[in-house]
Amino acid sequence: MKTYNIPIFVPHRGCPFDCVFCNQKRITGTQKEVTADDVHNIIGEYLKTLPSKNRRIEAAFFGGSFTGIPINEQSELLAAANEYLKKGDIDGIRLSTRPDYIDKEILDNLLKYGVTTIELGVQSMDDSVLQSSNRGHTREDVINAVKLIKEYPFTLGLQMMTGLYKDTEQYCIDTAKEFIALHCDTVRIYPTVILKNTELGRLHESGVYDSF
């Protein structure tokens, strides 16, 4: 059985900070805010191209911090995806968000609309690296979010970014070990990419930052 994600990008929605490495609109290639109609259109178009058997399909809200969006807007987008879940056209709903935007009210609402997988954009478990990247959350926020999510039947994924500003190989190894200790279901590891028109890009151009 093969797994497919139907990507629905919500560029910079819900993000309270500009991380030094981030330019979501450049990354996602879109500046348009996503609506429930867009969710219907995107899922409908992708389903035309995907097999109907021997597959697992998740509608995946990527880009911004989904649970930072006002909860009524979260519900509108999730309700649109949930229609396909109820019909059996898709098998789940996936989203990515920040560890400091997790609480019981949020998780109850996600469960109500059939969310199956939550990925937390952790990036690092070192507070000095998180602060240098202007993440706006701490290692403790990650631990608390993981503990709360594990009280629900969600699949939990953690995202790790290597080579951040003021990161080191040892910090990355330590983050990996902490991820293992947190017993998450999946891990997504990706390298830091330097984009123009970001603070990290300016630090690189000035010679202050270079990935290890």
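The values are calculated or read from the model by the stated rules, or taken from the named source; none is laboratory data. Source: prediction; values computed, not measured. FYI the Cβ positions are ideal-geometry reconstructions off the backbone, even for glycines, and counts take in every protein chain you see. Surface areas here come from the heavy atoms of the whole protein model, side chains and all, with no ligands, DNA or RNA. Shrake-Rupley method; radii C 1.70, N 1.55, O 1.52, S 1.80 Å.
For the pair region 128-190 / region 99-124, the C-alpha centres are spaced 15 Å from each other.
So what's the back-of-envelope 222 nm ellipticity for the chain, counting only DSSP H runs of four-plus at -39500 (n - 2.57) apiece and dividing by all residues, rounded to 500?
Theoretical 222 nm ellipticity from helices: -11500 deg cm²/dmol.
Dimensions of the chain along the principal axes, based on C-alpha atoms and rounded to the nearest Å, stand at 52, 35, 34, largest first. The chymotrypsin sites (Phe, Trp or Tyr not before Pro) of region 56-86 include none that DSSP puts in a loop with a beta carbon having at most 11 other beta carbons within 10 Å.
Taking amide H as placed 1.01 Å from N in the peptide plane, the amide H of residue 60 sits under 5 Å from that of 6, 8, 94, each at least 5 places away or on another chain.
Positive end of the dipole of the chain (Cβ unit charges, origin at the Cα centre): among 36, 149, 118, the Cα lying farthest that way belongs to 36. Normalised by the number of residues in the chain, the average gap of Cα pairs under 8 Å and 6 or more apart makes the relative contact order 20 percent.
Can you tell me the accessible area per residue over the chain, all protein chains present, probe 1.4 angstrom, in square angstrom?
Numbers: 10590 Å² over 212 residues.
Averaged over the residues of the chain, the accessible area is 50 Å².
Scanning residues 5 or more positions from residue 160 or on other chains, those with amide H under 5 Å from its amide H are 123, 188, 189, 190, with H placed 1.01 Å from N in the peptide plane.
Only Lys, Arg, Asp and Glu carry charge here, each on its Cβ (+1 for the first two, -1 for the last two); on that basis region 70-212 has a dipole of about 180 debye about its Cα centre. Here, P(r) means the percent of Cα pairs in each 5 Å bin from 0 to the largest distance; for region 160-212 it is 4, 20, 24, 19, 14, 10, 7, 2. Label-to-label distance, residue 35 versus residue 5, with points set 7 angstrom from Cα along the beta-carbon direction: 2.6 nm.
Using only C-alpha positions, report the orientation-averaged shadow area of the convex hull of region 58-152, nm², one decimal.
Numbers: hull surface 23.5 nm².
For region 58-152, the mean projected area of the Cα convex hull comes to 5.9 nm².
Here the chain has 49 percent of its accessible surface on carbon and sulfur atoms, given a 1.4 Å probe and all protein chains in place.
Considering all projection directions equally, how large on average is the shadow of the alpha-carbon convex hull of region 92-212, in square nanometres? The partial results should precede the final answer.
Working: hull surface 30.7 nm².
Its Cα hull, projected and averaged over all orientations, spans 7.7 nm².
Placing pseudo-labels 7 Å out from each Cα toward the beta carbon at residue 196 and residue 128 gives an inter-label distance of 3.4 nm.
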